[in-house]
Amino acid sequence: MEDTLHVLFGCDVTNRCWRIAGLSNVIDPRIATFDDASSLILDIFSQEDSMTAGRVAVMIEVLWRNMNNMIWNNESENYSKLGLHALASWQEWHMAQESDHRVHVQVTNTSWIPPPIGMVKCNVDTGFNTIRGTSNRGWCVRNSLGSFVIAGAAWDFGISPILDMEASVLKEAMLSAIDLGLDHVIFESDSQNVTNVIRSNHNGISEFSFIISSIKSLLLSFPNFKVKFVIRQAHSVAHTLAKAADS
């Protein structure tokens, strides 16, 4: 089992895979604690949220397949490619699940709805530019008349995990609203997973868990901040901003 722990989690080249997949902060704190792979994996699956556990499971499968391919066929993929492959596989699966869910959502409010008088609404969204290799985000604030107040867009090199991005842009928009002195704000995201986790008793040590914890703290400090889920059709401005962030 120690050999399995080393192959899947412990060696330098494997660590690069976990970093590229955005999961090194889940694995690194546990390496010194556990001396066998099964205990480490069990701890992840029992302590982390289902999204993080799923990403870890995909990465383990990719590494295991590569190890078997090396043993039986003397062929091995570059470890950087393995990390990117695991990340892409997870994102494709996750986005397919969200798309499947949205098919069953009653499309009643497909257009943007203004907030109540005295409040503003901030829509947030993320996107990828696979050609440039960037992760993009955008947010837009409008008032009860539907008039534009302010917007923001940004991008970073590298393809980040989708859930981390959806949570990060929400946190970034909340901090921007605070800087601007906006204290009655409805934040809308088209990631139902993120909005559900915010309402849950979620905890963990992943980057996603840390961002969610920060959002919850902000919501406690600013009781007139609200976070809601909205389908993408009612979310087009933020989506466009995110797509164009690196243009």
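Each reported figure results from applying straightforward, stated rules to the coordinates on display, with no laboratory input. Please read all numbers here as calculations on a predicted model, not as lab measurements. Glycine gets a Cβ as well: all are built from the backbone with ideal geometry, and neighbour counts include every protein chain shown.
General observations
- Computed lengthening from Ser50 to Arg16, 0.36 nm per intervening residue step minus Cα-Cα distance: 10.0 nm
- FRET efficiency, 1/(1 + (r/R0)^6) with R0 41 Å, evaluated for Asp179 and Arg30 via beta carbons: 0.70
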